[in-house]
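The values are calculated or read from the model by the stated rules, or taken from the named source; none is laboratory data. Since this is a predicted model, take the numbers as computed values, not measurements. All Cβ positions, even for glycine, are placed from backbone atoms using ideal geometry, and neighbour counts span all protein chains on display. Please note that ligands, DNA and RNA were not included when accessible areas were found on the heavy atoms of the full protein model with its side chains. Shrake-Rupley method; radii C 1.70, N 1.55, O 1.52, S 1.80 Å.
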Amino acid sequence: MSHNATPALRGRSGAAKRVAAILLGSAAALGAAALQAQADARRAEREHPPRGRFLAAGGIRLHYLEAGHGDASPVVLLHGNSVSAEDWVASGVFGRVAGRRRVIALDRPGFGYSDRPRDRAWTPAAQAAVLAEAFARLGLERPVVVGQSWGTLVAMALGLAHPRAVSGLVLAAGYYYPTARADVVAFSPAALPLFGDILRHTLAPLTGRLIAPRMIRRMFAPMPVPPAFTEAVPVPMMLRPSQLRAASEEAALMIPGVRAAAPRYPELRRLPVAIVAGAEDRIVDVGRHSLRLHDELPDSELTLVPGMGHMVHHGAPGLVAAAIERIAAATVAPVPAFPAPV
């Protein structure tokens, strides 16, 4: 009986050794990937150091770019997911606005060189609270707030929760109503605790290198990707584990964020609002979002740009800058805060 059992025991022992070897090999590969991700992030930051200034607001450190001057209404530019304040510079909007008035482009929490601690969920409302404090610290008196893509959610949160802190909104290529999104399913897992940390420091930067060029082309389509964007917002900066966490969390928070805010959109009628969108946007359905928001805010200004996609501010920077000027010119008295919904 013992003679017959020996091969079985040996088989089990061999299988255990193979499993152990696979586990050790996988751990070694993940460790190597983590070291590479850290090295790549450090190299990206050395090659693209912060060009702006820092301030403390809402318990975190924010990085921002500033230009222009004058007594005219200031302007604040809020970027979309995965990019940074440098996107506004690359588009040309930052420089055009700076020629007429003071302009601030902020790295939203977790992007560029701004902090994103784990002490809160970074919803649009949470980001708006930090930015309202930042405006006061910067001496910005009721600026026009311009948001692009995910930045529109923060811009509207400022208008809803802090109406005294803003004078008007310009919303470019925004996502405003809850709809099914494949990208949410694809990118949200990296936001999970522990599993997401492992993913962002090992496999996500590797896969990101493969899929980022195609994603960027889709963002700009049908336009080509301008070289200025590639230089200002390089892929290695997007693939730092810290920025991957911010991007994945915003993918996960996007639908809940608009679901919470959408019932309050009529309150934005108290502010001048301009809505701008590329007519051929392949990221956000213009009919379901920009057109619907314009219907809900009948006094808003709507501009659909033919031949442009999601990055409409790159394709038509003069048009976006002109919309900012029109909203800035539509002076309104400070409005009272709306009561919180019961």
- Message: Output the 0 to 90 degree angle, nearest 10, between the alpha-carbon long axis of helix 2-47 and the longest principal axis computed from the alpha carbons of the chain.
- Response: 30
- Rounded to the nearest 5, the percent of DSSP beta bridges in the chain running antiparallel is 30
- At q = 0.20, 0.27 Å⁻¹, base-10 log of I(q)/I(0) for the range 162-222 (Debye sum, equal scatterers on each alpha carbon): -0.95, -1.17
- Query: Which value at 222 nm does the chain reach when only helices count, each DSSP H run of 4 or more adding -39,500 (n - 2.57), with the total divided by all residues and rounded to the nearest 500 deg cm²/dmol?
  - Reply: -15500 deg cm²/dmol
- Relative contact order (percent, whole number), the range 186-342, Cα cutoff 8 Å, 6+ residue spacing: 25
- Which cross-chain or sequence-distant (5 or more) residues have an amide H under 5 Å from the amide H of residue 303, H modelled 1.01 Å from N in plane? 275, 276, 277
- Treating each Cα of the range 264-330 as an identical point scatterer and ignoring solvent, apply the Debye formula and state log10 I(q)/I(0) at q = 0.14, 0.16 Å⁻¹. -0.41, -0.54
- Pulled fully out, how much extra length does the chain show between residue 119 and residue 295, if you take 0.36 nm times their separation in residues and subtract their Cα-Cα distance? 59.6 nm
- Report the extension gain between residue 186 and residue 39 in nm, rounded to one decimal, defined as 0.36 nm multiplied by the number of residues separating them, less their alpha carbon distance. 50.4 nm
- Dipole magnitude of the chain, debye to nearest 20 (Cβ charges: Lys/Arg +1, Asp/Glu -1, about Cα centre): 1080
- Query: Round to a whole number: what % of the accessible area of the chain belongs to carbon and sulfur, probe 1.4 Å?
  - Reply: 61
- Item | Fully extended contour minus Cα-Cα distance, from residue 279 to residue 194, at 0.36 nm per residue | 26.6 nm
- Message: Between 0 and 90 degrees, rounded to the nearest ten: what's the tilt of helix 124-138 against the longest Cα principal axis of the chain?
- Response: 60
- Translational D in µm²/s for the chain (Stokes-Einstein at 10 °C, 1.306 mPa s, Kirkwood Rh from C-alpha pairs): 75
- Message: For the chain, take the longest principal axis of its alpha carbons; what is the angle in degrees between that and the long axis of helix 317-329, to the nearest 10 within 0 to 90?
- Response: 50
